[in-house]
Amino acid sequence: MKGKAQVLTLEEIKDLWSRTYNTEGRPDWSHILPYYDENIFFKDSIQEIRGKEEFTKMTERLTKRSQDLKMKIVNAVQQGNIVFLEWEMTISYKKYPSSVVYGASRLTFNDEGKIIEQRDYYDLWGIFLTIFPGLGNVIESS
């Protein structure tokens, strides 16, 4: 009988996430994609993705759109096969000013030690208000 695979340690996860986003220029997921299960389920404020192939395409789209992407891990907690990462991400898009996105990721690992689910929570309104600063005035006057 096959034994249960070792889930990455919290320090290893923090290191992997930091290396993904804190590169020179655009983010690079190549070193972290092997830790995702083929049946990964990803969900954030704007999309749901199923399967590693679609998840990889999503990371490629984000890389194309981003001039520069940095992530600071603020807090990290692990309990069993669940990991929560609280982060601050600074994004520089081609056409818009740099903005900081505050968020968190919940990672769930399966018995093989692969990420089977990732749920990202972040301040979507903060992104819009940075890109479209006049939007805040419109909302306040409503």
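The values are calculated or read from the model by the stated rules, or taken from the named source; none is laboratory data. All values derive from a computational prediction rather than experimental measurement. Here the Cβ positions follow ideal geometry from the backbone for every residue, glycine too, while neighbour counts run over all protein chains shown.
Look at Val100 and say whether it is over 23 Å from Leu8 (Cβ atoms), out of contact with any Pro (no Cβ under 7 Å at 6 or more places or on another chain) and of a type outside the set (S, T, N, Q). Break it down stepwise before answering.
Values: over 23 Å from Leu8 (Cβ atoms): yes; out of contact with any Pro (no Cβ under 7 Å at 6 or more places or on another chain): yes; of a type outside the set (S, T, N, Q): yes.
Yes, satisfied.
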Item to check | Residue check, Lys72 at pLDDT 80 or above and within 15 Å of the chain's Cα centre (by Cα) | outcome: yes
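If we scan the range 12-33, do we find a residue that is assigned to a strand (DSSP E or B) and touching a helix residue (DSSP H, G or I) at 6+ places or on another chain (Cβ under 6 Å)? I'd like the intermediate steps shown before the answer.
If we filter the range 12-33 for residues that are assigned to a strand (DSSP E or B), which is where we start, we get none.
No, the conditions are met nowhere in the range 12-33.
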Item to check | Residue within the range 8-15 that is at pLDDT below 85 and under 21 Å from Asp111 (Cα atoms) present | outcome: yes
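To keep it simple, each residue is scored yes or no on (1) at pLDDT below 80; (2) within 15 Å of the chain's Cα centre (by Cα); (3) surrounded by 12 or more Cβ atoms within 10 Å (Cβ to Cβ); (4) on the phi < 0 side of the Ramachandran plot.
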site: Ser30; (1), (2), (3), (4): no, yes, no, yes
site: Gly51; (1), (2), (3), (4): no, no, yes, no
site: Ile115; (1), (2), (3), (4): no, yes, yes, yes
site: Leu124; (1), (2), (3), (4): yes, yes, yes, yes
Checklist outcome for this item: Of the residues in the range 52-88, those that are in contact (Cβ under 8 Å) with a residue 60 or more places away in the chain and polar (S, T, N, Q) come to Gln78, Asn81
